[in-house]
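Please read the structure below before turning to the comments.
Computed from the coordinates by the stated procedures, all read-outs in this text should not be read as laboratory data. Everything quoted here is computed from the prediction, not taken from an experiment. Backbone-built Cβ (ideal geometry, glycine too); neighbour counts: all protein chains shown.
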Amino acid sequence: MSPTCELADLVLPSTHWTERDYLADEVCSEWVFGQQKAVEPLYERKSDVWFWRTFGHRLSPEWWPWESDEELFDWQLEQTHAGVTWDELKEKWIHHVPMMPSRDFEENGFGTPTGRAELYSVIELVSGSKPFPEATEPKESVYATPDVAKAYPLTGVTGRRYPIYYHSAFRGIPHLREIVPEPQVVFHTSLAEELGIERDEWVWIESPTGRITMRARPSDGIDPRVCVIPHGWWQACPALGLPGYPDGSSNANTLTSDRAYNDEFLTPGLRSTLCRIVKKKEGE
């Protein structure tokens, strides 16, 4: 049960990907894959495909007429003009879908207000934004908000990836958790020396919104003005006796918020924030 699941009133048991058939067309829609279950689902687990198909059928049978997942897969393959059925795809495993160049715009134009391929965006102009795309400074940064940066001089980046983990998953698997057992914030060696912080020491990472804790990983391979804050840490690994962080104590999202957002699309800055590294006091 992840922290997200714990917020729900009802949690349904979903199959693992090894327990479900699935039609994948994730490589530019040029290839389709017949992912087939290796084992039957345990307990009362049902696939996501089964759930949405059944749910849709109960709400609106005319829009969700398929009586089985296989029927739905056949319909999906028909829409892509793959020239293959689900049963045939299961035999081949992978099938190439010829990509036909679309010339629909010759008769119907493009899906823009002018009907043309727009380099000058009329929608952006009408909305009060700039019709030509351009790079803009984040709403909150050392340049855009220098007063905030006086107290929070580092630019924290939250998009770091671990090759062994997938977003917030797999930290409960012992042989993976042994490789990266705990969350590590990366910042420049000179800052660690200035603050008297040793490698693997637990430190605070603070922003105008809140603070979290991670182990320090000083490095010469990072800009002194930047720190890298990994996301996705919540799960425990009982087999190794390593804790989880369900209270958000190492949750990178605690540092970000909607206080800084993009004017054109109103999207918050979820992958960067002004922050600072603070050495923990004894007993903290």
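Quick notes
- Sparse-neighbour loop sites [GluC sites (Glu not before Pro); region 6-37; at most 12 other C-beta within 10 Å; DSSP]: GLU30
- Counting lysine pairs in the chain that sit 8 or more residues apart in sequence, or on different chains, and whose Cα atoms lie under 25 Å apart gives 9.
- Candidates LEU59, LEU176, LEU89: whichever shows maximal mean-square fluctuation once the chain is modelled as a Gaussian network with Cα springs under 10 Å: LEU59
- Prolate/oblate/rounded label for region 146-279 (Cα gyration tensor, a/c 1.5): oblate
- Per-residue Karplus couplings for region 106-111, computed as 6.51 cos²θ - 1.76 cosθ + 1.60 with θ equal to phi - 60°, are listed in order as 5, 9, 10, x, 9, x Hz, Gly and Pro entered as x.
- Residue exposure sequence - THR145, THR267 - by fewest surrounding Cβ within 10 Å: THR267, THR145
- Calculated [θ] (222 nm, deg cm²/dmol) that DSSP helices of n ≥ 4 give over the chain, each run adding -39,500 (n - 2.57): -5000 deg cm²/dmol
- Charged neighbours of SER121, selected by a Cβ distance under 13 Å, balance to -2 (K, R count +1; D, E count -1).
- Rounded, prolate or oblate (a/c below 1.5 giving rounded, otherwise prolate when a/b exceeds b/c) for region 11-96 by Cα gyration tensor: oblate
- Cα convex hull, region 17-67: 98 Å³ per residue, rounded to a whole number.
- Percent of Cα-Cα distances greater than 33 Å, calculated over the chain: 49
- The convex hull around the C-alpha trace of region 1-42, projected and averaged over every direction, spans 4.4 square nanometres.
- Residues GLU201, GLU91 in ascending order of nearby Cβ atoms (within 10 Å, fewest first): GLU91, GLU201.
- Taking the fewest neighbouring Cβ atoms within 10 Å as the starting point, the ordered list for CYS237, CYS227 is CYS237, CYS227.
- Added length on full extension, which subtracts the Cα-Cα distance from 0.36 nm per residue, ILE164 to GLU40: 41.9 nm
- Counting only alpha carbon atoms, the long axis of helix 69-79 and the longest principal axis of the chain meet at about 80°.
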